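The values are calculated or read from the model by the stated rules, or taken from the named source; none is laboratory data. No experiment lies behind these values; they were computed from the predicted model shown. Neighbour counts are summed over all protein chains in view; Cβ atoms, including those assigned to glycine, are modelled from backbone coordinates with ideal geometry. Areas reflect the complete protein model, heavy atoms only, side chains present, ligands, DNA and RNA absent. Shrake-Rupley method; radii C 1.70, N 1.55, O 1.52, S 1.80 Å.
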Amino acid sequence: MNRNDIINKREWREIFEALPVVQGFFGGDPDSHGINELLRNIAVYLEELLAHVDDGKPFVWYNLGFNSELIYALEGVQPITIELLGALHSLICNSRNTLDFIDRAQAAGVPADCCSADKLAIGAIHKGLYPPPACTVGINTPCDAQVLSTQVMAELGEAPFFPIDVPYYHNEETILHVAGQLKELIPFLEENTGRKMDIDRLREACELSNRTAENIWEWLDWRKQVPLTQSSKLVAFTLLLQILFIGSQKGVDITEGLLREARERTGRGERFFEERVRAIWYQDAVWTDLQIYDWFERELGLTVPVDVFGYYANEGVIDTSTPDTMLYGLARKLVNCHPMARQFRGDIDFYVKDFMHMLEAFNADCCIFAGHIACKHAWGGIGLFKEACRRADIPLLVFEFDMFDPRVTSYEDVYFEVERFVNEIVWPRKQRG
Amino acid sequence: MAEEILREVGRLIRGISNRHVDEWKAAGKPVIGYFCHYAPREVILAAGALPLRLRGAGSEDSSSGDAYLSGRLCTFVRHVMSLAIDGGYDFLDGEISLNSCDHVRRSADVFRKKTAIPFHGFLSVPRHPRASLYGYYLEELRKLLAGMEEHFGVKVGPDELRGAIRQINANRDRLRTINEMRADDRPKLTGAEALSIHIASQVMPPAAFVDLADRLIEALKARPGLDTSRGRLVMVGAELDEPAYLEAIESQGALVVADLLCFGARSVLGPLDENAADPLDEIGRAYFFSSSCARMIGDFPRRWQELKDLYEKVRGDGVIFERIVFCDPWGADLHNILHRIEQEKTFPVLSLTREYNIVPTGQVKTRIQAFLEKLEIARAQQAASGGER
Ligand code: SF4
Ligand code: SF4
């Protein structure tokens, strides 16, 4: 297998062809350091991927609840999150391929009522688009949907599979339990990739991870400012960062870009729209077309300083003094910081508490619960979540859509719901004081 | 008469409670509802409480459950929670929820906040049955036990646990006999009847169940065997505690001679050691490492092998897979089962997606009919080519 076997596949070719175009488009605004760095580093990652294929080096597949540090700590091993192609096609607005992946997964027996994020992954695997893995890692966070994608990954990956269990509770035992499994994971990875885990390399990955995390925390602080001076949609990208780039220089570069942009735009007092209303976008971003956030800003004066994908809780940096402290720190990040895994795996009180914190910290006026239809844990908490918002007197919009499949709720319908909520409820209420 | 005993079974499982539960309560003893097979009944029983499997039987609509859990969750859970929110489960002295799946996990929130039930236990069951994760499960059982001891003011030692093991072993022993009788060449009972008995074993005191099952087994011996010439089916899938569903399948002429259903034969573990030095560990191991549920990730190969072995053992003609709409864990197994069938050409399968509380009607029956015809044609072709069944 060599790079041509990848590039010649239509689904990859279209990515390689579109990336420079998208880069050119955003590069038109030289101040968009965040998105420009993201796109540049995606290109770097893809080139590394091709080089790995050429060199016959090992790949490790995993699902979106996992983070990449431990893989980067193995010399010459490349991480692949199985949602990658779906996410990239969404990013370049190529819905033909995302819908193709979804349909392919359904044709193979994945029920229509299951999550489209999993179907993107499963469809891409069925089409044989990823370089075969040396082994696969599955984690049960953030939700049951990951149980689906990991089971299918284990089945179709045809490689040894290592499951990581994350318990329900938010306590010290949970972190220790996960850290213990990361310790087991290392020999598994070593055996299946044929690479030895070097402690210095692990430390380096953890240090890069820490720098990335610190940048994000600072960047999120900039987003608390009113009015928001950077684009709302940027926040949706940070999840990809945690899953694929954290623990590498790419993560640092992307976050430095985001931070620089925030600093500069705020310093210049830039405002390309009139901010009227700030919302916490709880639940899933409109991945089918992230430009919708630009439209919200310009037409409605609605900004989204943070969403559940972009919120990265500050639960402390990784202590790099010993292998055990590093595994502990990595486990803590996986369960307490990783977006969604933090809020989605436990009881509803934690989910509500995080929302209330974001609302206050980011000076938001309301909540938009964008209910991805297959997100069972979220819908399962909706009654209690509504009650909590009502008690706290927070305007709440709840609507159903599919974050990757516009056939469920059209772009226009999503816009209509949000427009009505902002113009008829939140803005008049805000004016009344 | 077997028919009479089976009618009695039908009465016991018609709703979420029955006269045995009433008698237990009248004797001043607590009843604890539990959601999932991974909450060991022995542990509840050892604490002096009657373990009662939570069900949605008798729920007429799921509107209260829908209000809290939305219409996007599995209807089994929504019906159970509708009953709970509306006070139907207020007779319980406690409930035990788990992280079995997101649906059951979210019900735990609703149980705590929207019902009058005084005791709430929770088990975080590791998602994979490997040895290194077992310690976590055992610790969870210890904490659950300690919680029950404190709440109910009881002390549970090894003797109480061994006593509970003995009682549940006796139950399982009877269920194994019944499962053998249903797998005969001419089975003594239908799949729907067998499922009813399995359900009864989970909603009544073990001693009363043993009495009932012994009478039934004796009576079945005299019953003429049933014809399976239209097809011997194996059923696999998620929560199914509605014998009427199996009745509808069997009304088309085939018999469900075995199952791997959570309310059915999958809950029948092998006998546990009644004299184990550490009985809690004995219980924990039995549940954690036994026949697994689709919520266990990376364990599909074992489930697949189990299904194939069972199919062979009972000389199946086809498999029916059932799943409640919106269930992700069983959605994954459906994909994987179809994938293996395609690779290994093992057996014909019919996949049915269902809603709780809805008995198959015309369209589903037509699909079952068509499936049975397919099986018949395959058998006829095999016979014509001199192949064996
Ligand atoms: S199907 Fe699985 S998760 Fe659901 S109750 Fe049964 S054992 Fe528990
Ligand atoms: S059927 Fe599926 S969704 Fe419903 S309770 Fe069982 S595992 Fe959960």
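Overview of results
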{"item": "Chain A, helix-only ellipticity at 222 nm - DSSP H runs n ≥ 4, -39,500 (n - 2.57), divided by all residues, nearest 500", "result": "-16500 deg cm²/dmol"}
{"item": "For the protein assembly as shown, the spread of Cα positions along each principal axis, largest first, Å", "result": "90, 66, 55"}
{"item": "Probe 1.4 Å, protein heavy atoms only - accessible area per residue of region A:214-431 in square angstrom", "result": "32 Å²"}
{"item": "On Cα atoms only, tilt of A:249-267 relative to the major axis of chain A in degrees", "result": "20 degrees"}
{"item": "About the Cα centre, charge dipole magnitude for region B:110-167 (Lys/Arg +1, Asp/Glu -1 at Cβ), debye", "result": "300 debye"}
{"item": "Within the protein assembly as shown: Cβ-based charge dipole about Cα centre, in debye rounded to nearest 20 (Lys, Arg +1; Asp, Glu -1)", "result": "1200 debye"}
{"item": "Solvent accessible area, Å² - B:Ile16, 1.4 Å probe, full protein context", "result": "30 Å²"}
{"item": "For region A:214-431, radius of gyration divided by Kirkwood radius, i.e. Rg to Rh on alpha-carbons", "result": "0.96"}
{"item": "Chain A: relative contact order as a whole-number percent, Cα under 8 Å and 6+ apart", "result": "17 percent"}
{"item": "Alpha carbon centroid spacing (whole Å) that separates region A:364-407 from region B:287-305", "result": "33 Å"}
{"item": "Sparsely packed trypsin sites (Lys or Arg not before Pro) within region B:340-380, loop by DSSP, other Cβ within 10 Å at most 15", "result": "B:Lys345"}
{"item": "Region B:1-99: GluC sites (Glu not before Pro) in DSSP coil with no more than 12 other Cβ atoms inside 10 Å", "result": "B:Glu60"}
{"item": "Sequence of A:Thr174, B:Thr353 when ordered by accessible area, the most exposed leading, probe 1.4 angstrom", "result": "B:Thr353, A:Thr174"}
{"item": "Relative contact order [Cα under 8 Å, 6+ residues apart], region A:3-200, whole percent", "result": "20 percent"}
{"item": "Degrees separating the helix A:116-126 axis from the principal Cα axis of chain A, which is the longest one", "result": "30 degrees"}
{"item": "Among A:Pro133, A:Pro79, A:Pro323: highest mean-square fluctuation, GNM of chain A, C-alpha pairs under 10 Å", "result": "A:Pro323"}
{"item": "Debye, to nearest 20: dipole size of region A:3-200, +1 on Lys, Arg Cβ, -1 on Asp, Glu Cβ", "result": "580 debye"}
{"item": "Between region A:241-289 and region B:312-389, the alpha-carbon center distance in angstrom", "result": "50 Å"}
{"item": "Region A:148-176 versus region B:1-40: alpha-carbon centroid distance in Å", "result": "36 Å"}
{"item": "Rounded to the nearest 10 Å², the accessible area of A:Lys353 at probe 1.4 Å", "result": "130 Å²"}
{"item": "Interface residues in region B:134-177 - accessible area drops by 40 Å² or more relative to the isolated chain, probe 1.4 Å", "result": "B:Tyr136"}
{"item": "Accessible surface buried once B binds A (1.4 Å probe; total of both sides; Å²)", "result": "4100 Å²"}
{"item": "Test item: B:338-345 mean partner chain Cβ contacts at 10 Å", "result": "2"}
{"item": "Sites matching trypsin sites (Lys or Arg not before Pro) across region A:1-81 that sit in DSSP coil, with at most 15 neighbouring C-beta atoms within 10 Å", "result": "A:Lys9"}
{"item": "Acute angle (nearest 10 degrees) that the helix A:382-391 long axis makes with the longest principal axis of chain A, alpha-carbon atoms", "result": "40 degrees"}
{"item": "Fraction of accessible area attributable to carbon and sulfur, region A:214-431 (%, probe 1.4 Å)", "result": "48 percent"}
{"item": "Delta accessible area of at least 50 Å² on complex formation, residues of region A:140-188, 1.4 Å probe, chain isolated as reference", "result": "A:Asp144, A:Val147, A:Gln151, A:Glu155, A:Pro163, A:Asp165, A:Tyr168, A:Tyr169, A:His177"}
{"item": "Mean projected area (nm²) of the alpha-carbon convex hull when region A:3-200 is viewed from all directions", "result": "12.6 nm²"}
{"item": "Where region A:3-200 is the region considered: accessible area per residue in Å², 1.4 Å probe", "result": "31 Å²"}
{"item": "Region A:214-431, relative contact order [Cα under 8 Å, separation at least 6], %", "result": "23 percent"}
{"item": "Solvent-accessible ranking of A:Met197, B:Met296, largest area first, probe 1.4 Å", "result": "A:Met197, B:Met296"}
{"item": "Rg to Rh quotient for chain A, alpha carbon positions, Kirkwood Rh", "result": "0.94"}
{"item": "Carbon/sulfur fraction of accessible area - chain B, other protein chains in place, 1.4 Å, %", "result": "51 percent"}
{"item": "Per-residue SASA entry for A:Asp198, accessible area with 1.4 Å probe, Å² rounded to 10", "result": "70 Å²"}
{"item": "Longest segment of chain A lacking GluC sites (Glu not before Pro) that sit in a DSSP loop with at most 11 other Cβ atoms within 10 Å", "result": "A:275-433"}
{"item": "Portion, in percent, of the accessible area of region A:3-200 that falls on carbon or sulfur, probe 1.4 Å", "result": "53 percent"}
